[in-house]
Every structure is written in structure tokens, then in C-alpha cells.
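Asks: Shown below is the structure under consideration.
Laboratory data are not the source of any read-out in this text; all were calculated from the coordinates shown. Model, not experiment: these values are computed from the prediction. Don't worry about glycine lacking a Cβ; one is built from the backbone with ideal geometry, like all the others, and counts go over all protein chains shown.
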There are 2 protein chains.
Amino acid sequence: MADQTPSGESLLFLTDEQLRKGIEAMFFAYRGFTADPDRILEGMDYGRAHHRAIHFIHRSPGTTVSNLLTILGVTKQSLNRVLRTLVDDGLVEARVGRRDKRERHLHLTAKGQELERELSDAQRARMRAAYRAAGPQAVAGFRQVLEAMMDPELRRQYQGLKESGA
Amino acid sequence: MADQTPSGESLLFLTDEQLRKGIEAMFFAYRGFTADPDRILEGMDYGRAHHRAIHFIHRSPGTTVSNLLTILGVTKQSLNRVLRTLVDDGLVEARVGRRDKRERHLHLTAKGQELERELSDAQRARMRAAYRAAGPQAVAGFRQVLEAMMDPELRRQYQGLKESGA
DNA sequence: CTTGGAAAGTCAACAAGGCTGACGTAACTT
DNA sequence: AAGTTACGTCAGCCTTGTTGACTTTCCAAG
């Protein structure tokens, strides 16, 4: 367990104490991460689940319901409840597939785009402030550690989303 | 908005695209972060809320209910429901305060310690793997960005916890 | 000593957002 | 023609969050 590492380097960053700090940092930071969109959503009839759906539809316009299911990692019943309200309220459009008519391709309407922008502006503002405060070096490390923390399957999702659209 | 920065440094890490990647990294990484304890807890009658309570009681033995309320950011009714099951099941002991008998000082029992260890072993294992893969430099950046992302009030909680016990 | 208010606990009711199971329909595939 | 896939939906359940109202305990200030 204490092998394979460059023997010159200190391993103090792997102590249980350091790991605990990292764990608590994740906990508190995630609260901040979701706080702004949550604040915007409360009062509307929507919640975090709607935000996630909107985010990924914006990210990959034309994505199908089952794509979304895979990315979000919830059941179709759960997603459907959310999606239905978004479609009913005219934020999301579900177009029947042309090649495969079983599929529904999801798009944000103008109204949906508007809410998406409001939410992501808020979230990005916090992110931007954090990035700016920490600097590019720190940001690179931040991304590296997060990526290493993901489940392999989720990491593929993440990396797949990184470059290619839809 | 484009001032105050060292003019030689690229600001490409502040583009909306980079921020979006960071946002999605947080989303996917947090899923991984909670996955292992969640797996352990399912089947037992406990959930993530119990894990959080156990974690912070372990972290600050003797902490009071209202301390815990502040840290966790939930209502006392919500916390109480969780705490009650933990006390009833003999994982947590709530000792009446000696100076102020209204207060309950919370401690893990031996059984509680045992579960705490099981949960945090799992969570630390993932964290350790991620830290090791990313290296000390990256970890420093990771912590910096997370800290900058917290709400100021939560950051104080976090920093307070960093050094001093209870 | 009385009283105001803080700390803790409890009951009830509710909502969001997960879950499972079962079922139906349309459409693609073999 | 049969089987599979994609999607939707009904029904019911659980966890974990919320409000509001209320009680008990007990410290501390008047």
C-alpha cells in the first residue's frame, strides 16, 4: 500500500485526516453548488430534478428519453413525472423521432431556454468566482480529482459529454 | 470584469464552456462520492441523512443537537426523526448536559463507531484512490476550489471544523 | 421568586423526488 | 408473426425535507 509512489514525495496528503477534510469539503461545497438554482426554483413549481433535466436537454438538444435516463441515473417513472410537467408547461418539446418513431427527441422551447439561462447564469457565476479565486492551476487539480472520484461508468458519460455533442 | 488579473495569464479557464464542464464534474463526482455509503446503508433501515448525522457526531463528539442543526442545515424535526432512530437503535447516545441540562450531548456508542467506521472506510477508500491518482498538487487545487465554492457561512463551519474539535 | 425565552422534543400534515411492479401501445427487428 | 425496445402511465411505497403548533425543561434576568 505504501509502494509504487515516487519515494521522494510526501504522502501526507493521503492521511485519514486529509481525506476527512476532503470529504467535508465535498459536502459543504455541494451545498453551495446547488444553493443558487435551488433558490431560483423554489416558488416556481420546480425543483432540483427539473433543473437537472433542463441542464442536460440544453447540453444535448435532441437527446432521447433513454439517453437522459442513463445520464441522470433515475427510473423512467421518476424522470417522466418531471418531464411531463416541463412539457405541459411548455418548457420542453418532445418531438417524435423521424428515423425511429418510438423515440422522443427532447428540446428546450424559448421559454425553456430562458429558465435554463437563468439557472445556469446563477450557477456559473458562483463557479466563475470560485475558479477566479483559486486560479487555473487549482482548477486543473479540481477537475482531475473530481474525475478520479467518479464511477467508471459515470466517468465515461462525463467524458463523452465533454467533447461531442449529442 | 477583465481587469485585476495577471495580464500574462490566459483566462480560458473562465469560459462558459469550462465552467459547464466543472458543473457537470461536480454533478457526476458527487454521485460517486455518495455511492459507496449509500450501497452500505441500503438494506439497513438507514439512509444518507443518518450517515451525515453519524459523520458529524463522530467528528465532534459531545456536540449538541443545535450545533448539528447548524452544520447540517435541516430543520430540527427532520434531524430529530433521524436522531431518534439512531438513539433507539443504540448507535448514538444523547447525554443530558451537565452545565445546561436542556442540551443533549451526542456521542457514538461502540455500535455507532462500528457503523461509522464501515461507512467512512468506504468513502475514504474512494477518496484515497482519487487523491492518489491525481497527486498532491491536484488535491491542493481541488480543496481550494471547493472552499471557494462554499457559502461564506458554510465556509466558516468548514474551517471551524478543520482545526478545533467541538 | 417569578417570569421570559432558549433548547429540546413531539405530533400532525404535507411535498418532492426517489423507488418497484404491472400494464399498454406503438414501432422496430428478426 | 413473434419478440424486443422505447415510451408512457397507474398505483403505491419510502426517505427526507418542509411548516405549524405545542409542551417540557431550565437558565438567567428582573
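Asks: How far, in whole Å, is the closest Cβ of chain A from the axis that maps A onto B, and which residue does it belong to?
Replies: Nearest residue, distance rounded to whole Å: A:141, 1.
Asks: Which whole-Hz couplings ³J(HN,Hα) result when phi for each residue of segment A:139-155 is put into the Karplus expression 6.51 cos²θ - 1.76 cosθ + 1.60, θ = phi - 60°, listed in order with x for Gly and Pro?
Replies: Couplings: 4, 4, x, 3, 5, 4, 5, 4, 4, 5, 7, 6, 4, x, 5, 5, 4 Hz.
Asks: Which trypsin sites (Lys or Arg not before Pro) from segment B:20-109 combine a DSSP loop assignment with at most 13 other Cβ atoms within 10 Å?
Replies: B:98, B:99, B:101, B:102
Asks: Just subtract the alpha-carbon distance of residue B:118 and residue B:80 from 0.36 nm times their residue separation and send over the number in nm, one decimal.
Replies: Extending this stretch completely gives an extra 11.4 nm.
Asks: Across peptide B:110-117, how many C-beta atoms of other chains are within 10 Å of each residue C-beta, on average?
Replies: Per residue, the number of nearby Cβ atoms from other chains is 0 on average.
Asks: Given an 8 Å cut-off on Cα distances and at least 6 residues of separation, report the relative contact order of chain B as a percent.
Replies: This gives 22 percent for chain B.
Asks: Same structure, new question: Along the positive direction of the dipole of chain A (beta-carbon charges: Lys, Arg +1; Asp, Glu -1; about the Cα centre), which of A:12, A:113, A:50 reaches farthest?
Replies: Positive-end residue among those listed: A:113.
Asks: While we're looking at this one, here's another question. Quote the charge dipole size of segment B:56-166 about the Cα centre in Debye, to the nearest 20; the model charges only the Cβ of Lys and Arg (+1) and of Asp and Glu (-1).
Replies: That gives segment B:56-166 a dipole magnitude of about 160 debye.
Asks: About the Cα centre of the protein assembly as shown, how large is the charge dipole given +1 on each Lys and Arg Cβ and -1 on each Asp and Glu Cβ? Please answer in debye to the nearest 20.
Replies: 440 debye
Asks: Please identify, among A:116, A:17, A:42, the residue showing maximal mean-square fluctuation in a Gaussian network model of chain A using a 10 angstrom Cα cutoff.
Replies: Maximum fluctuation in the GNM of chain A, among the listed residues, is at A:17.
Asks: Considering only the label points, 7 Å along Cα→Cβ from Cα, what distances in nm to one decimal separate residue A:117 from the same position in each other copy, shortest first?
Replies: Ordered by increasing distance: 5.6 nm.
Asks: Here is a follow-up. Once phi is turned into θ = phi - 60°, what whole-Hz ³J(HN,Hα) does the Karplus curve with 6.51, -1.76 and 1.60 give for every residue of segment A:103-112, x standing for Gly and Pro?
Replies: For segment A:103-112, the Karplus curve yields 7, 10, 9, 9, 9, 7, 7, 4, 4, x Hz.
Asks: For every helix of n ≥ 4 consecutive DSSP H residues, a contribution of -39,500 (n - 2.57) applies; sum these over chain A, divide by its total residues, and give [θ] at 222 nm rounded to the nearest 500 deg cm²/dmol.
Replies: -22000 deg cm²/dmol
Asks: What gaps in nm, shortest first, separate residue B:66 from its twins in the other copies when you place the label 7 Å past Cα toward the beta carbon?
Replies: 5.5
Asks: Can you give me the three principal axis dimensions of the protein assembly as shown from its C-alpha atoms, in Å, biggest first?
Replies: So the extents along the principal axes, rounded to whole Å, are 69, 48, 40.
Asks: Something else about it: Using the Karplus curve 6.51 cos²θ - 1.76 cosθ + 1.60 with θ = phi - 60°, what ³J(HN,Hα) values do you get for each residue of segment A:91-101, in whole Hz, with x for Gly and Pro?
Replies: Residue by residue, segment A:91-101 yields 9, 10, 10, 10, 8, 5, x, 7, 6, 10, 6 Hz.
Asks: Taking residue B:100 in one copy and the same position in all the others, each labelled 7 Å out along Cα→Cβ, what are the pairwise distances from the first, in nm, shortest first?
Replies: 6.1
Asks: Give the total of Lys-Lys pairs in the protein assembly as shown with Cα-Cα distances below 19 Å; include a pair only if its members are 8 or more places apart or on different chains.
Replies: Number of lysine pairs found: 4.
Asks: Sticking with this structure for a sec: Within 10 Å of each Cβ in B:97-104, how many Cβ atoms from other chains are there, averaged over the peptide?
Replies: 0
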